[in-house]
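*Asks:* Could you have a look at this structure, given as structure tokens, before my questions?
Coordinate-derived values only; no laboratory data. Nothing here was measured: the structure is a model prediction, and the numbers come from that model.
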């Protein structure tokens, strides 16, 4: 019987060890599962923060582009005011002078709205030609260095580093 008892004890020990192993496996699986859930939650939280930053960036870019689109509509109007004042008559009556002065204030308001919103005029006359900001519509022989802008035909504008409208210019060409 001792052999039978020994065999039964071994079977019980094996079953007990199996049960412990199963419990340990269950605990380990539960811990692994908890860690997995925690890691997934942390990833989801990080993804959400990244999404918030991305949406905020997109919103400010959309606002900037909308602003730029509207300002682009005003630039030709401002250009026309500048052209009108470039051809202002020399002799005028008092009423005409007052009218021109009033319209001049409107031109100044347009210029102020543009500058307050970050729109700057591109410098032209006396500067070297830069294809990213200027469009050469002609060349003229001159004593100036080749590529120097000698006349502005139409103004150019930029907002920050972005060119909104290129300036149309005439550049110098060395006399032969």
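*Asks:* Once you keep just the Cα pairs under 8 angstrom separated by 6 or more residues, what percentage relative contact order results for the stretch 20-176? Display every interim value, and only then the final one.
*Replies:* Values: 158 pairs, mean separation 27.6, N = 157.
Value for the stretch 20-176: 18 percent.
*Asks:* Continuing with the same structure: Using a/c under 1.5 as the rounded threshold, could you call the stretch 91-142 rounded, prolate or oblate? The axes a ≥ b ≥ c are square roots of the C-alpha gyration tensor eigenvalues, and prolate needs a/b larger than b/c, oblate otherwise.
*Replies:* Details: a/c = 4.48, a/b = 1.62, b/c = 2.77.
Taking the square roots of the gyration eigenvalues as a ≥ b ≥ c, the stretch 91-142 is oblate.
*Asks:* What number, in percent, do you get for the relative contact order of the stretch 120-176 if the mean sequence gap of Cα pairs under 8 Å and at least 6 apart is divided by its residue count?
*Replies:* It rounds to 45 percent for the stretch 120-176.
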